[in-house]
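*Asks:* Pasting in a structure now, in structure tokens, and then I'll have a few things to ask.
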Amino acid sequence: MVTNSVEFASALLKQGKLVAIPTETVYGLAADASQPEAIAQVFAAKGRPNNHPLIVHLADVAQIWDWGKNLSAKTKQHIEQLAHHFWPGPLTIIIKKADWVSSAITGGQDTVAIRIPNHPLTLAVLKNMPSGVVAPSANRFGRISPTLPEHVQKELGHKVAYILDGGSCSVGLESTILNLSGEQPVILRPGMVTQEQIAAVLNQPIATLQKQLKQNNEAIRAPGVLDSHYAPITPFFRITDQHLNTTDLINMLTTIFSKNKHSKIALIGHDKIAQSNSTVKYYSLSDKPEVFSQKIYHTLHTLDDAKLDYLFCFLDEKIVSKDSQWASVLDRLQKATLDAISIEQLKTGELEHV
Ligand code: TXA
Ligand code: MG
């Protein structure tokens, strides 16, 4: 069932049922954080490995201190500063967990991820749930996150007791994950709260996991950093030819794919002028990162449903290098696509091997 009753959603959660909840980032698959059987159902419904930890969603920053352990004065100050600037909002922080926090939530790790989401319906539900709710994105493991109730209905409709309808998610990409459990704060997953914004609030440089990996030259087992994630079923590629404009690119794709009359492909970009034709459906999302991010998952859901032969995306480096909010869009596109490919490779039939 899909309506917008906060009371019904809270009552079902208290009974140990799964409820899809709207947040500003994506829809979450919520369960009462104090009920291990309900948490186990989240993993089963998503088909997610048990060692992949969940984010705990709370209503109020005052609740966070119970969840943490051995928090230094500096970490407490960081949490307060971040909460003041970004909560409720698209930021998740990771801290050392208190002993009582169930390893069902943390995947056996000694840390716990916490966030206060910014959606009025879900904040109202969370106020009724003093022990918090766990909520991964409400999609099957590895698939595209939902930004509308319909997306949840399509993938997990039969697995949830209720979908709380909060409309379309305003941010559209998952929260930034910031690890505060180590020596220095590190971004594990980029999101719309950017590295620069966090650095400005904490008044210190902030590392990202990618940079750390390069510096240490070692593979850290990093939850949330799987290679393939957020992926459509239709083969999806990033086009690399930065010297082309979108209209030229569409013309070239048309020549390549119209050789096979039945081929239907789509291109996602941000050029406003370029046009679709009978072979290439063109989706101009936006040249603004906050608008692009709001639309990207919805577009991928729609295109996947259309059962085209291939999906492509093309982002202009001149545009994306201007604003650090593009970092999270690029991160998700990198994970959603199979590979980067050039027009030259397409001409030589590289896709036939996919
Ligand atoms: O925007 C969001 O964060 C959404 C909405 C529903 O709040 N939730 C979300 O949850 O994206 P999920 O489970 O799809 O992604 C959370 C990521 C996972 O990749 C998980 O591995 C990582 O956070 N994570 C959770 N706890 C962690 C921990 N203790 N240490 C490191 N990573 C953790
Ligand atoms: Mg997810």
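The values are calculated or read from the model by the stated rules, or taken from the named source; none is laboratory data. Given the structure is predicted, the values throughout are model-derived calculations rather than measurements. Please note: Cβ atoms are built from the backbone with ideal geometry, for glycine as well, and neighbour counts cover all protein chains shown.
*Asks:* Do we find that L12 is at pLDDT 95 or above and in contact with a helix residue (DSSP H, G or I) (Cβ under 9 Å, 6 or more places away or on another chain) in this structure?
*Replies:* When the stated conditions are applied, L12 does not pass them.
*Asks:* Between a first residue in region 74-101 that is at negative phi and a second residue that is among the basic types (K, R) and in a loop (DSSP other than H, G, I, E, B), which pairs have beta carbons less than 9 Å apart while being 6 or more apart in sequence or on different chains?
*Replies:* I95/K69; K96/K69; K97/K69; A98/K69; D99/K69; V101/K69
*Asks:* Restricting attention to helices (runs of 4 or more DSSP H) lying wholly within region 263-353, give those where 2 or more residues are more than 22 Å from S170 (Cα to Cα).
*Replies:* Hits in region 263-353: 317-320, 343-347.
*Asks:* Tally time: how many residues in region 162-200 are within 15 Å of ligand 2 (Cβ to nearest atom) and either on the phi < 0 side of the Ramachandran plot or modelled with pLDDT under 95 (or both)?
*Replies:* Looking only at that region, the number is 11.
*Asks:* Could you check how many residues of region 154-167 are surrounded by fewer than 24 Cβ atoms within 10 Å (Cβ to Cβ) and touching a Pro at 6+ places or on another chain (Cβ under 9 Å)?
*Replies:* Counting residues in region 154-167 that are surrounded by fewer than 24 Cβ atoms within 10 Å (Cβ to Cβ) and touching a Pro at 6+ places or on another chain (Cβ under 9 Å) gives 6.
*Asks:* Which one is surrounded by the fewest Cβ atoms within 10 Å (Cβ to Cβ) among residues in region 84-142 that are basic (K, R) and within 13 Å of A59 (Cα to Cα)?
*Replies:* K127
*Asks:* Could you check, for region 137-156, whether at least one of its residues is among the aromatic types (F, W, Y) and in contact with a Gly (Cβ under 7 Å, 6 or more places away or on another chain)?
*Replies:* The answer is yes; a qualifying residue exists.
*Asks:* Now, a different point. Looking for whichever is out of contact with any helix residue (DSSP H, G or I) (no Cβ under 6 Å at 6 or more places or on another chain), over 25 Å from S145 (Cα atoms), of a type outside the set (S, T, Y) and at pLDDT 95 or above here; the options are L249, L267, L303. Which one fits?
*Replies:* L249
*Asks:* OK, next. May I ask you to list the residues in region 190-210 that are surrounded by fewer than 22 Cβ atoms within 10 Å (Cβ to Cβ), within 20 Å of the chain's Cα centre (by Cα) and of a type outside the set (A, V, I, L, M, F, W, C)?
*Replies:* T194, Q195, E196, Q197, T208, Q210
*Asks:* To continue, here is another question. Just the residues that are among the aromatic types (F, W, Y) and part of a loop (DSSP other than H, G, I, E, B), please, taken from region 138-192.
*Replies:* F141
*Asks:* If I go through region 271-328 residue by residue, how many of them are out of contact with any His (no Cβ under 8 Å at 6 or more places or on another chain), surrounded by 14 or more Cβ atoms within 10 Å (Cβ to Cβ) and aliphatic (A, V, I, L, M)?
*Replies:* Summing the residues that are out of contact with any His (no Cβ under 8 Å at 6 or more places or on another chain), surrounded by 14 or more Cβ atoms within 10 Å (Cβ to Cβ) and aliphatic (A, V, I, L, M) in region 271-328 gives 9.
*Asks:* If the requirement is being without any contact (Cβ under 8 Å) to a residue 60 or more places away in the chain and under 20 Å from the mean Cα position of the chain (by Cα), which of these qualifies: I105, I116?
*Replies:* Unique residue meeting the criteria: I116.
*Asks:* Name the one entry in S170, S137 that is more than 9 Å from ligand 1 (Cβ to nearest atom) and under 22 Å from I198 (Cβ atoms).
*Replies:* Just one listed residue meets the conditions, S170.
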